[in-house]
Each structure stands twice: as structure tokens, then as C-alpha cells.
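What follows is one structure encoded as C-alpha cells, with my remarks underneath.
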Protein chains: 2
Amino acid sequence: MEQRIGLLGCGTVGGGVIELMRRRKQRLQSLTGWEPIIARVLVRDVHKERSVSLAEDMLTNDPDVVLGDASIRIIIETIGGIEPARTFILEAIARGKHVITANKDLIALCGEEILEAADAAGVTVLYEAAVGGAIPLIRPLQESLTANAISDLKGIVNGTTNYILSKMTETGADFDEVLKEAQDLGYAESDPSSDVDGLDAARKLTILASIAFYTRVSLSDVEVTGIRKITARDIAYAHELGSVIKLLAVGTERDGALTLHVRPTLIPKSHPLAHVSGSYNALFVRGDAAGDLMFFGRGAGALPTASAVVGDAIEVLKTMRQPQNGGYAPHPRPHKPVDQERAESASHYIRLSANDQPGVFAKIAGVFGDHGVSMETVLQKRVAAHSAEIVIVTHDVHARHLRAALKQLEAHPDVTTIHCIMPVERSVNA
Amino acid sequence: MEQRIGLLGCGTVGGGVIELMRRRKQRLQSLTGWEPIIARVLVRDVHKERSVSLAEDMLTNDPDVVLGDASIRIIIETIGGIEPARTFILEAIARGKHVITANKDLIALCGEEILEAADAAGVTVLYEAAVGGAIPLIRPLQESLTANAISDLKGIVNGTTNYILSKMTETGADFDEVLKEAQDLGYAESDPSSDVDGLDAARKLTILASIAFYTRVSLSDVEVTGIRKITARDIAYAHELGSVIKLLAVGTERDGALTLHVRPTLIPKSHPLAHVSGSYNALFVRGDAAGDLMFFGRGAGALPTASAVVGDAIEVLKTMRQPQNGGYAPHPRPHKPVDQERAESASHYIRLSANDQPGVFAKIAGVFGDHGVSMETVLQKRVAAHSAEIVIVTHDVHARHLRAALKQLEAHPDVTTIHCIMPVERSVNA
Ligand SMILES: NC(=O)c1ccc[n+]([C@@H]2O[C@H](COP(=O)([O-])OP(=O)(O)OC[C@H]3O[C@@H](n4cnc5c(N)ncnc54)[C@H](OP(=O)(O)O)[C@@H]3O)[C@@H](O)[C@H]2O)c1
Ligand SMILES: NC(=O)c1ccc[n+]([C@@H]2O[C@H](COP(=O)([O-])OP(=O)(O)OC[C@H]3O[C@@H](n4cnc5c(N)ncnc54)[C@H](OP(=O)(O)O)[C@@H]3O)[C@@H](O)[C@H]2O)c1
């Protein structure tokens, strides 16, 4: 059965939502029992070009066409800002519609008003995308971790500042220079103050702290310092001290009292937050039962944000039916064959012992070459008399080519033992 | 209203569940609308000493006393292993009880049977604690990320092997030596094979892959290599190559086919998984919409595991009432004052410029000393003629002491400018 959805806004996030719902059409249906349809899309300018193709009669610039449509029971808001998003959402709630939003500004400032209205109207409002983009944060804090008294939240929740600080760290350039570059690349807004002065992070902290500390926090409770004053020299000294500088949103609860700060902070390289670079976001959480946890991933972008929005939509659609034992068994699921050779090629580490004689290494290299295995790094050590230990890191190689090469090497008169073979993980973290 | 719960098993995890439910009594009630009571506890030996105090009539060694109690609608299973846990759980389901379990062996081997039985009986079975202890993994994969086609799972899901590999990396000792030490400390079982040969990790991968790839995977599909053959030398070479060695559980989907491996793997230090050391667990996930994500935290232990079990219990209790807009606003919540000075003391980084004259540094150090601020590290650089730049990292200091010292320094005739003040994050990762 169809379930009609109204989408408010069709920019970066709204376009991503349409794209992802199309991609996952089948799964949404089998998971929720509904066939969700984006029936109407509200925009400012119906003639503007869109990243997704839309039937002409879906688009409108008249909010009443969407909000007044009684057949629409779910509204997804991706306009952003306080007004008119607030009025639209309150009207949708008053009309008994469930609401999903990615709007951190609105939830940080008017979350209480909106969620109380939802409670009174008996509808659901979800906002996982408002903090940390694709990273599941709101729901894990509210559900999986709700048995904890959470004492500490530490988040890298603003991608723009993290990108700027990461670039400053990599290149040694100063703030102004990197900001300019980030603006040219579209990673920072032409008016960057909401990001670089820490306000966006403060809004997100307001939302996270309210949930994690199981209370209500307002934006004015957060003490905010931005990153404008950080120089290349601070970054160099932090490095000398074994640390990196990050804009950290920090909330703590001690004896029932909270502290709430957003400010640049040195983080030792041994801390997992130190390795959250570029446009990634992360949240570190300490609970009295769970101990230390970290969540890491993409904090923004069309599809990462849509991932959270559509996840919320699935949740709403599910609760429109009966609760289910989702996940492991219930739905008829496609059979997927297991094919261990199917994975793409990978770099490998190989350690072997061989006779320590001139020409032996060339012979080994020849065997690899014959099987199309090329080498990235070679370490050669004399270990005992007449015996050398050789460590080879290959370029990407298919399992069967590597196996063929190793089989020939095992039988090779100059190779004593092949000690160890391991795949080498690629770096992530753009 | 009371909601009676039956607990099967009262060892490490069962004891943690009782402890945590007592600690969070108030919150459980306000979140779920029920007053959950552990009414009966099944053990082998009712006379054994327990980590938690229990009324004598709660304990029993007769499964029928728990499973046959019609007033008990929720069962928490913390016995472990296949039988009798499987039979007990199936009987509870048949009697219309909801079930929460931490039993990865059982879910990996009989998950399908159990969840199909639950579906048929219209009850809920949750098992968040079965993989990754306190880390929310199952529910985020099933809910928040369910709009993604997940292509890659990479997990450090066995704490024992991660501890051993971390220790080998730190100390340069060999496998046998570190294993023995881990056994003496109780971090490894006397029969360590399930851990060090990778079987425990394979069971967890079976569960995660079934959910993430939206299909059914059996344990025999996983190709397993343990860590017995890793030597100190491999670890040293990995280090030379800028990498660390981890036992990785890896699942991939390409073109509808899966690969499933557990094996030691080199991970470059720039990869977030490289920094998951000691007894921590982590899961790296790649989704087509969300991009790259990582979840990190404690994979075992009484309270971390109880955190997940009680989180599941709250979920079950909630769905016994109406769905709610949990989290931000609905429940009456305690007011918590914001007190920015309340946080415990922290180490701070301070960069300032001062006249480059003999004795100036001593004067600055004196000002800090007068306010009880002690220094951990000092870097002093001559920057321009007559002007020195000084970087100070303090030991832990209270904000008001630091502020007082800085106020005095600002007015000091030899101090030109205080450029930058930042807190310094402590390391985590035991
Ligand atoms: N971008 C991200 O990566 C990201 C990540 C997390 C959360 N968010 C949040 O998601 C929301 C949307 O962000 P976005 O980047 O998608 O913004 P965007 O690209 O600027 O899109 C905004 C959309 O709203 C429409 N709109 C604006 N004012 C309107 C009005 N008065 N009436 C009707 N429609 C109106 C615009 O219509 P036209 O197209 O006709 O101009 C546009 O389609 C914001 O709350 C943002 O904070 C964004
Ligand atoms: N320990 C962890 O950190 C951890 C982490 C994640 C998941 N888990 C999972 O949690 C489960 C429990 O682990 P655990 O470490 O808590 O185990 P444990 O300390 O050995 O406790 C097992 C409990 O079950 C009881 N029991 C055993 N056999 C029984 C039987 N036939 N009938 C009735 N009671 C029986 C025992 O009774 P007695 O006390 O009378 O002997 C004991 O109370 C396992 O599935 C494990 O894989 C554990």
C-alpha cells in the first residue's frame, strides 16, 4: 500500500533524500510493509534546475498544497533555518502528520516547542540527521545507551572547522589562507562565521547534551570560542607536544551540574579523536556502565545526510505497523552467495626466509613478476648466517595470482620458509 | 505498575544487569512507564557467592520456576553457550515472553530459528550485547543505517586477541609470553582457542554480516585465521611499514556476492582502526549513502555488557506501551544547572610572547607557582629580537586558578601578549 510523503525543500539534502529513496525502493517496502512515495515537493523556485528528475506536478511553491494534503501523513523538512521551517513543521504536527527534519538550528532553538507539540498531537518527530550527518548519534544516545548516566560528551561536530584545522596541520598554512581555499572549494560558506566561530557546533552540542544528560539545555548555556585565533605556530607546537588541535564541543555532568563548551583543544595523538580529520565528524561519549565509546563518520553531504533522514523515515513507517523482530530473520531476504575470491584485489604483506646468496632476491622477484604481482616495499634483513629474512609489501593483487606465486615460491630451492601472509588495509579518512 | 523480569544466569553479565537496573531504577520508570523488577534469577548453584546482593527467594536452580511464571513477561538470558540456553529461550518464546540475550554463540548458530520462533509468537528478541559489548552496533545497522546498501564491514570484535596484539606491539614480546600473561591476569581463558584462533570473531561476523548485508550468513561461510603465528618480528616490521597488526573480521559485498574472513591484517596508522587498542572493540562500516563510519568502545565486561542488555530491556518495555517522542522533551526531567567552573581540573596549553631577557622566564614561572599552577612541559623559542615565544603545558589546573594566573601575567611588564590558551585532552584507550 502506498504511503504518501511530503518533502519541504529540495536542495542538497532534499535531493539526496529523493535519490536514496529511489535507490532503496524495494528494501523500504519489504522492511516497512509500505510503498513510500514522495508525492509533493515544496521549493521556492519551481523552475530551478534540480539534481534529481521530478515530475512537473510534484513541485510546488505553495506550502498549503503539501501541508493541506490530507493523504500525506509524513513530512520531511529540508529547508533549514528557523522560519518558515518552524511554522511549516508546527502546522504539519497540528494536522496529525509525522515529521522528519535535518534542521539543527530549529531543533537547537525550538526543539522543546516542537517535540511537545508532537507529543500532544500523538505524532513522531525524528531528527537524526541534525547532528553528525550519517553517524547514528541521536538514536544510540536515546535508546541503546539510555541505561547509562552519561558524564562526558566530546564531539568534533563541525566539518568545516575540522577541515580547516586538518588542512592547517597538513600544509602549515595559516587560518586566513586555508579559509579562503575552503571557500573557493565550496567547503566553507562565503559568510563562515556560524562555522568558524563555533556557533554551529554549539547548536549541535545543545541537542546532544539535552539527550545525553537527560535534561534540557539551551544554546545560551554553551560557552563558545571559535578557531579564528589559531595560527600555524600553535599547530606546530601542538605537533611537538604529540597533539593535534581540534574544535571540540564538550559537555560534562559532575554531581548533577553541567559544563558546556565549544573551543579549540589539543588532543594527544593517542586519543581516537585525534585521527578524525578532514570533513569527518565524531562523538566521544563516556557512560557509567558502557565506559568510553566513539562514533565516527561523515557529518554532511547530500547522501550521508539522506542516509539519516531515510533511516528516520523507515522508523516512522515501521511504527505505523506492528513492531517487528527486524534484522536477522523476519523478512524474506535475497540469498547471497559467499565467494571468498570475489573481493577486489588488495595489497599484501609477506615475510619469508631465503638463502642469503647473491641473486636470490632477483629470483624471488622474478617469481612474483611472472604472476603479475608487483612490489611496493621490500625490507631485506640478514638474520642468521646464510639466511636472509625478506619482507615484501605488494601492490594490489588478486588472491589467485598471489596464491599461484606463493605456491611456486614454496617449492623454490632458495626459499626456506614463508612465515606470514597478511592483507594490508588501505587508509581511509579523506 | 510493576513489570516482572526473569533473569537466566547471574555471572559476570547477569550480575552487571542487576547492578545497573538498580542504579537506573528511577530513569527506567520515567522512560518506560513501567517499574521493572528482576523477580526471579536462575543459576546452577544457589549457594554460590554473588557480586550483587539478592533476596534468597529470588534465586532458583529450577528453570520452570522462572519460565513457568506467567507473571514474568520478559526473560534476560545470560547463561551463554548453546544448551540449555537455546531450549530455555525457545520455551520462553513459546510462552509469549520477550527475550533479551547477550549470547553470541547462540545467535550466530541458531539466530534464525530463534527469531523465526519469536516472529511466529509475536514477541521481541533483542541481542545488542552479543556483539561489541557496550557499543551500539546491531540497532544502528538495523535501524539508523538501514537505508544503506552496506558494502564493507571491518571489525575488531575480539577483545582478548586485540589485547594480546596490543601488548605484543607495546612490549615487543612474543605471542606465547603475552598469552600466558593475559591468562594470569584473567584477560584470556585457560583454553584460549575460541579467541586466539578467531572463532569468537567469526561468530560475531556471522551476526553482523547477516544484518548489514541484509541476508543470512552461516558460521561455516567465514574463512578463519587466528593470531598464533604472529611473531614479535612481524609486529616490528609492520611498525617499520607504518602499520599495526589487528585481528580483523571482514565482510564485503560486491555485485551481490559476499566475502567473509577473520584474519590478522596490517592496518596503516592513519586508519582509525589502528588506534583501537587493548580490550576495545570497533566496527568500521561503509554504506553507499552514509560513506565510512566507525563505532568504537568496550567489547566486554560486566557493566559495559549490561549497558547493552538494559538498553534492550528499555526498548522492550517501551514497546509494551505506545511509541513516544523519547529523548528531547516528553518526560518530566530534572533541571540541571549549568556551571562552567564545575568541571574537574584539566591540563592547559598556553602560548605567550615575553621580553627575551634573563630572568623573565623565572618571573613567569613564579606567577604560575603563586597560583598553584604547575608546569608539565615548556618550549621556549626566540622569535624576534628581544622577544621570546613561550609555550607552556600545565599539569591539571582548575579554571579559576589558571584565570587568576593569566590575569596577573597579562598585566606583567615582561609579558607582551598571551596568544592562545587551550585545554589539553587526556589520552583514553586503556
Ligand atoms: N547540506 C548538508 O550537508 C547538511 C547536513 C546536515 C544537515 N543539514 C540541514 O539540512 C537542511 C537543508 O540543508 P541543505 O544543504 O539541503 O539546504 P539547501 O541546499 O539550501 O536547500 C534548501 C531547500 O529549501 C528550499 N527553500 C528555502 N526556503 C524556502 C521557503 N521559504 N519555502 C519553500 N522552500 C524553501 C529551497 O528551494 P529552492 O531550491 O527553490 O531554492 C531549497 O530547495 C538544513 O537544516 C541544514 O542545516 C544539511
Ligand atoms: N563476560 C563478558 O564480558 C561478556 C560480554 C558480551 C557477551 N557475553 C555473553 O554473556 C553470556 C554470559 O557470560 P558471563 O561472562 O556472564 O558468563 P558467566 O560469568 O560464566 O555466568 C554464567 C551464569 O549462568 C549460570 N548457568 C550456567 N549454566 C547454567 C545452567 N545449566 N542452568 C542455570 N544456570 C546456568 C551460571 O550459574 P552459577 O553462577 O550458579 O555457576 C552463571 O550464573 C555469554 O553468552 C557470553 O558470551 C559476555
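The values are calculated or read from the model by the stated rules, or taken from the named source; none is laboratory data. These numbers come from a predicted model, not from an experiment. Note that each Cβ is placed from the backbone with ideal geometry, even for glycine, and that neighbours are counted across all protein chains shown. These area figures cover heavy atoms from the full protein model, side chains too; ligands, DNA and RNA do not enter into them. Shrake-Rupley method; radii C 1.70, N 1.55, O 1.52, S 1.80 Å.
Listing for the model above:
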{"read-out": "In the range A:153-192, the residues that are open to solvent by 10 Å² or more (accessible area, probe 1.4 Å) and part of a strand (DSSP E or B)", "value": "A:Lys154"}
{"read-out": "Any hit, the range B:222-240, residues being more than 10 Å from chain A (Cβ to nearest Cβ), crowded, with 22+ Cβ neighbours inside 10 Å and within 20 Å of the chain's Cα centre (by Cα)", "value": "no"}
{"read-out": "Residues satisfying the stated conditions in the range A:145-178, i.e. among the hydrophobic types (A, V, I, L, M, F, W, C) and within 15 Å of A:Thr231 (Cβ to Cβ)", "value": "A:Ile164, A:Leu165, A:Met168, A:Ala173, A:Phe175, A:Val178"}
{"read-out": "Unique residue being more than 22 Å from the chain's Cα centre (by Cα) and modelled with pLDDT of 95 or more when the list is B:Asp197, B:Asp184", "value": "B:Asp197"}
{"read-out": "Set A:Ile211, A:Ile235, A:Ile245: member being outside any helix (DSSP H, G or I) and of a type in the set (Val, Ile, Thr)", "value": "A:Ile245"}
{"read-out": "B:Ser71 of a type in the set (S, T, N, Q), over 29 Å from A:Gln142 (Cβ atoms) and more than 15 Å from ligand 2 (Cβ to nearest atom)", "value": "yes"}
{"read-out": "Residue check for B:Ile390: modelled with pLDDT under 90 and either part of a loop (DSSP other than H, G, I, E, B) or under 43 Å from the mean Cα position of the chain (by Cα) (or both)", "value": "no"}
{"read-out": "The range B:23-66, residues that are among the hydrophobic types (A, V, I, L, M, F, W, C), more than 14 Å from ligand 2 (Cβ to nearest atom) and closer than 18 Å to B:Val309 by Cβ", "value": "B:Leu28, B:Leu31, B:Trp34, B:Ile37, B:Ala39"}
{"read-out": "Within the range B:81-90, tally of residues that are buried (at least 17 other Cβ atoms within 10 Å of the Cβ) and either free of Cβ contacts under 8 Å to residues at least 24 places away in the same chain or within 13 Å of ligand 2 (Cβ to nearest atom) (or both)", "value": "4"}
{"read-out": "Subset of the range B:198-239 [of a type in the set (Asp, Glu) and closer than 20 Å to B:Ile107 by Cβ]", "value": "B:Asp200, B:Asp221"}
{"read-out": "Given (1) in a helix (DSSP H, G or I); (2) in contact with a helix residue (DSSP H, G or I) (Cβ under 7 Å, 6 or more places away or on another chain), index of the condition A:Leu379 fails", "value": "(1)"}
{"read-out": "Which listed residue is over 26 Å from A:Val131 (Cα atoms) and open to solvent by 30 Å² or more (accessible area, probe 1.4 Å), from A:Ala39, A:Ala70", "value": "A:Ala70"}
{"read-out": "Scope the range B:381-390; condition in contact (Cβ under 8 Å) with a residue 24 or more places away in the chain and either crowded, with 16+ Cβ neighbours inside 10 Å or closer than 18 Å to A:Ile235 by Cα (or both); matching residues", "value": "B:Arg382, B:Val383, B:Ala388, B:Glu389, B:Ile390"}
{"read-out": "Complete set of residues in the range B:391-425 that are within 21 Å of A:Ala238 (Cβ to Cβ) and without any contact (Cβ under 8 Å) to a residue 24 or more places away in the chain", "value": "B:Glu425"}
{"read-out": "Count of the range A:120-136 residues which are under 20 Å from A:Ile156 (Cα atoms) and part of a loop (DSSP other than H, G, I, E, B)", "value": "7"}
{"read-out": "Filter result (of a type in the set (Gly, Ala, Ser) and farther than 23 Å from A:Thr231 by Cβ) within the range B:368-403", "value": "B:Gly369, B:Gly372, B:Ser374, B:Ala399"}
{"read-out": "Of residues in the range A:120-160 being among the hydroxyl-bearing types (Ser, Thr, Tyr) and either within 19 Å of the chain's Cα centre (by Cα) or within 16 Å of ligand 2 (Cβ to nearest atom) (or both), the one nearest to the other protein chains (Cβ to nearest Cβ)", "value": "A:Ser144"}
